[in-house]
1. Considering only residues that are more than 14 Å from Thr308 (Cβ to Cβ) and in contact with a Ser or Thr (Cβ under 8 Å, 6 or more places away or on another chain), look in the stretch 256-273 and name the one that is surrounded by the most Cβ atoms within 10 Å (Cβ to Cβ).
2. Thr648: in a strand (DSSP E or B), touching a Ser or Thr at 6+ places or on another chain (Cβ under 9 Å) and not aliphatic (A, V, I, L, M), yes or no?
3. Could you list, in sequence order, all residues of the stretch 463-507 that are loosely packed, with under 14 Cβ neighbours inside 10 Å and among the acidic types (Asp, Glu)?
4. Can you tell me how many residues within the stretch 430-445 are part of a strand (DSSP E or B) and either more than 23 Å from the chain's Cα centre (by Cα) or not assigned by TED's automatic domain parsing to the domain that holds Phe480 (or both)?
5. Looking for something crowded, with 18+ Cβ neighbours inside 10 Å and modelled with pLDDT under 90 - is there at least one such residue anywhere in the stretch 201-210?
6. What pairs can you find where one residue is in the stretch 112-138 and on the phi > 0 side of the Ramachandran plot, the other is at pLDDT below 95 and among the hydrophobic types (A, V, I, L, M, F, W, C), and their Cβ atoms are less than 9 Å apart, with a gap of 6+ or different chains?
7. All but one of (1) in contact with a Lys or Arg (Cβ under 6 Å, 6 or more places away or on another chain); (2) outside the structural domain of Ser547 (by TED's automatic domain parsing) hold for Asp689; which doesn't?
8. Would you check if there is a residue in the stretch 397-407 being in contact (Cβ under 8 Å) with a residue 40 or more places away in the chain and part of a strand (DSSP E or B)?
Amino acid sequence: MTAWNEDNEASVSDSGSVTILEGSSFCISSGSGDISPDGSANGVFFQDTRIISGWVLRINGALREPLVAQRPHPFEATFVGRATWPGGRFDSPLVVRQVRHIGPGLQDDITLENFAAEPVECDIELLVDADQADLFDVKGARTSGVDDATREVVDGRLVIEASRHGQQRGTVVSAKGAAVSTDGLRFRATVPARGKWAVSIIVVPLVNGQPPEKPFRDGQLPHHREGVRRHLDWEEGVPRLSIEDVKLQELLNRSQRDLGALRIFDAHHPERAAVAAGAPWFMALFGRDSLLSSYMSLLVNPHLAAGTLQTLAGIQGKKVDPDSEEEPGRIPHEVRLGVTAGLSLGGTAYYGTADATPLFVALLGELSRWGLSRDVIRPLLPHADRALDWIEQYGDRDGDGFVEYCRPNAHGLVNQGWKDSWDGINFADGTMAEAPIALCEVQAYVYAAYIGRSLLARWDGDVALENHWADRAAELKSAFNEKFWLPDKGYFAVALDKDKRQVDACTSNMGHCLWTGIVDEDKAASVAEHLMSPQMFTGWGIRTLASDMGAYNPVSYHNGSVWPHDTALAATGLMRYGFVDEAKRVAKGIFDAAEHFDGRLPELFCGFDRGEFPGPVPYPTACSPQAWAAAAPVQLARVLLRFDPVYTRGVVHLSPILPESVGEFRAENVLLDTSRITIKARGAEGSIDGLPPGVKLLPVPRPPLAYPPEGY
């Protein structure tokens, strides 16, 4: 098991809500455990549909007095409250415990415990509602008028169904001993003196009248479910950490748990796990998010990256479809299961992203460095080659050597990089850039894809193919440094617009360029200086947009906020080019920020300077847990360890530069090839136990540039 704080973690957010999740299913409730049918975003969600929109427990005619909410596992929550004594009684001795499990539906185990010396008769009622609303409608507060579901009692069970865009969605609620009506379930219970009364309530979702393959069942222990076993297996397989800096240890262990909780599984290939983007609204496969998150999680488990690649390969584009923006070889942006998903973006699989396709190839190249077997990598090579074909035949729309995006319809995303909000790409004066747009970081990802494919060709002994992609990488690097560089400003343009003008805003995107190594060495120092300037570095992290730019807004989504994953990739780039002190400062800022978020970094936070407020200011609708935010501390730990396997060359780099405050760092059970290694480090000293035969430890950092190939 992972070494982590065994105390149950409180999971009540600042807003008082509690979120539990398993796969793509999740539940958001109040801190009491109730779900009020009040138009809020709370509810139980299965396959992007809200199968429970109201779930209110009343005992003796009154709501509970909440005492505590705990979440011992990501898929389980316990709510403890005090129930009203019949007729009223000060300091009631009647305690209610509600243990909730999420999965292919919901199971609530409710226990009333009577601490009095006399028995008590209790009326228990559970009021149930299920609007069958689509996730996007709930998130956008567009659920008024959708609760037209039919409600009936069938064989002692409450069945609530509704037709949504050609699909029938439903919810079945049942419990032994319940008096069931169309409003909910009721019980009349006698709780003995100093005794207990208990009941299990089961919720089963229906899709076109059919339940899930393995729903919750009365009498079955929830911990025997497949999803629970998968989570426990995950905890057994991740690194076991022992760090003198206890807060850092708790942060990294929290990241490992959250990454495990955010996994989703391919129903046709249940052995594969990919990582979803984040809870609650993005519990789905996202090309870019899933690829970057699994890259940053390699130290935790490289098989997460393999599963993500395999899953995305299965839905790689095959045809030209302007509605969904599918194109041959293109990797999708997101995949949804809800009944209106196809209405919002053109299909259950939407392909409108410029960066997922090159990232797919780049990550596959990275996996070869981690020693994943040829049996895993070789079947993915044709998909990598199809992705490279997309880059050159569809991604590069005008033949200038750069990948651009421009949506071919009126409903797709206007911006198709990671800053995909409508106003995310702008000039220094705040003017919006117009598509087709070639983003700087997308060219960096393409460069990494060319390097990765060259490496894979060398692994196969194909010298001609190796040289071909190495030459393409060199050509792109030269063109990029010429066309995107702003010599009068000393940094890279965030993009080229439709007229090939340099979009001259100072942004964090150039940090990704450092990460992949596309930046010429003579420009790196100036880029690093701008990233670490007061206009960019807040003390907590790196802003998405400099504070002296026209569109700057510290409480915007992409124009001045801080995204932990973005900052972590920039820190990786700083370290790669030898800016050690700068990378350490950035890592410390993110680690410090995490303490203010109870050891769980959110998707993003506001871009105020560190001196303005006692802690980082939360962004109101940030996802948490969120995959690349959870992966960011793992990536930063790897940056500070300077741990880089290059299995294709039979070496592993380890050259730590840990701050003194970290003390001794020890990670056991780290997977490399089929071996489990132990990494030990303190300050600038490090060692590895258990390296596979033939693999040599190099106590120096990996060379700073992505090419020439001796760095790989």
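1. Across the stretch 256-273, the extreme among qualifying residues is Gln256.
2. So Thr648 fails the test.
3. Scanning the stretch 463-507 gives Asp471, Glu475, Glu482, Asp488, Asp499.
4. Number satisfying all stated conditions: 3.
5. No: the stretch 201-210 contains no residue that is crowded, with 18+ Cβ neighbours inside 10 Å and modelled with pLDDT under 90.
6. Every condition considered, the pairs that remain are Gln132/Val146; Gln132/Ala149; Gln132/Ala162; Gln132/Val339.
7. So Asp689 meets the others, but not (1).
8. yes
The values are calculated or read from the model by the stated rules, or taken from the named source; none is laboratory data. Remember, it's a predicted structure, so these values are computed and weren't measured experimentally. We place every Cβ from the backbone using ideal geometry, glycine too, and count neighbours over all the protein chains shown.
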